[in-house]
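See below for the structure under consideration.
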Amino acid sequence: MTKAQIETFFATLQAENPEPQGELDWVNPFTLLVAVVLSAQATDIGVNKATKNLFPIADTPEKMLALGEAGVKEHIKTIGLFNAKAKNVIALCEQLIGKHGSEVPRDREALEALPGVGRKTANVVLNIAFGEPTIAVDTHLFRVANRTGLAAGKTPLAVEKALLKKVPPAYLRHAHHWLILHGRYICKARKPRCPDCKVAAVCNFKDKTPAP
């Protein structure tokens, strides 16, 4: 995409949804962190169902730790990889208490040092909890960036770096939400809803789904 196309692309998405929100339920930075860790290879809907009863009783590292690994497993057993995730959540709580005064650090390096936290998770927490202009590249965003010609890249990191260069500063704060939601509901993997797409005019995808 050209600079003019990128500006139109994000201005259109902003007009449609001025304040986009992530779809994970959370009540504070700690519960957001846990929710994002649990969401790996799982749907946001599935995570929200599991945390609906977990977060009211465990919204701090101390309370989560008090549940123990078995207690956490009981709440998240409907989520894929729940054994490994429960272990990570408990270890994560121990580190937050021991190294960070029970607070979620506002620092990428410190976040990525936590069990179960990778670059994408750190980016989500920095963006949603702290308002940092980061871009978390999931499968939806990776697809949209490559398919539209917005920011091509063979790896999530390559796409993230390309987007950080190409997205106008005014749109960076919400860019990853707009792109994820667009990929989830409009620019779908198997049959993109091109006839319903508000940014189709600036999209460079050659095999657009024709109007019915």
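The values are calculated or read from the model by the stated rules, or taken from the named source; none is laboratory data. All figures in this text were calculated on a predicted structure; none of them were measured in a lab. Here the Cβ is made from the backbone with ideal geometry for all residues, glycine too, and neighbour counts use every protein chain on show. All accessible areas refer to the heavy atoms of the entire protein, side chains included, with ligands and DNA or RNA removed. Shrake-Rupley method; radii C 1.70, N 1.55, O 1.52, S 1.80 Å.
Below is a table of values for the structure above.
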| item | result |
| --- | --- |
| Segment 162-212 versus segment 114-143: alpha-carbon centroid distance in Å | 19 Å |
| Dipole moment magnitude, nearest 20 debye, the chain about Cα centre, only Lys, Arg, Asp, Glu C-beta charged | 1000 debye |
| Relative contact order of the chain, defined on C-alpha pairs under 8 angstrom at six or more residues apart (%) | 21 percent |
| Two-site FRET efficiency, LYS191 against LEU164, from Cβ-Cβ distance with R₀ of 30 Å, rounded to 0.05 | 0.50 |
| Distance between modelled label sites at GLU62 and THR43, nm, 7 Å Cα→Cβ extension | 3.7 nm |
| In degrees, nearest ten, helix 139-148 long axis to first principal axis of the chain (Cα) | 10 degrees |
| Accessible area (Å², per residue) of segment 17-114, counting only protein heavy atoms and a probe of 1.4 Å | 52 Å² |
| Rh (Kirkwood; distinct C-alpha pairs) - segment 51-191, Å | 16.6 Å |
| Evaluated at q = 0.13, 0.22 Å⁻¹: base-10 log I(q)/I(0), Debye formula over Cα of segment 1-90 | -0.50, -0.97 |
| Residue-normalised accessible area of segment 140-202, given per residue in Å² at a 1.4 Å probe | 50 Å² |
| Share of carbon and sulfur in the accessible heavy-atom surface of segment 51-111 [1.4 Å probe, %] | 52 percent |
| Rounded to the nearest 20 debye, dipole of segment 4-105 from Cβ charges on Lys, Arg, Asp, Glu | 520 debye |
| Added length on full extension, which subtracts the Cα-Cα distance from 0.36 nm per residue, ASP107 to ALA211 | 32.8 nm |
| Carbon plus sulfur fraction of accessible area for segment 171-212, probe 1.4 Å, in percent | 53 percent |
| Mean Cα-pair separation over length for segment 1-110, i.e. relative contact order, pairs under 8 Å, 6 or more apart, % | 23 percent |
| Contour excess over end-to-end distance, with Cα ends at VAL27 and THR155 and 0.36 nm allotted per residue | 42.9 nm |
| For the chain, built as a Gaussian network whose Cα springs stay under 10 Å, the top-fluctuating residue of ASP196, ASP44, ASP25 | ASP196 |
| Point-to-point label distance, ASN53-ASN17, nm (Cα→Cβ direction, 7 Å offset) | 3.0 nm |
| Furthest towards positive pole of dipole, LEU157, GLN95, GLY80, structure part the chain, Cβ charges | LEU157 |
| Hull shadow area, averaged, segment 1-52 [alpha-carbon convex hull, nm²] | 5.2 nm² |
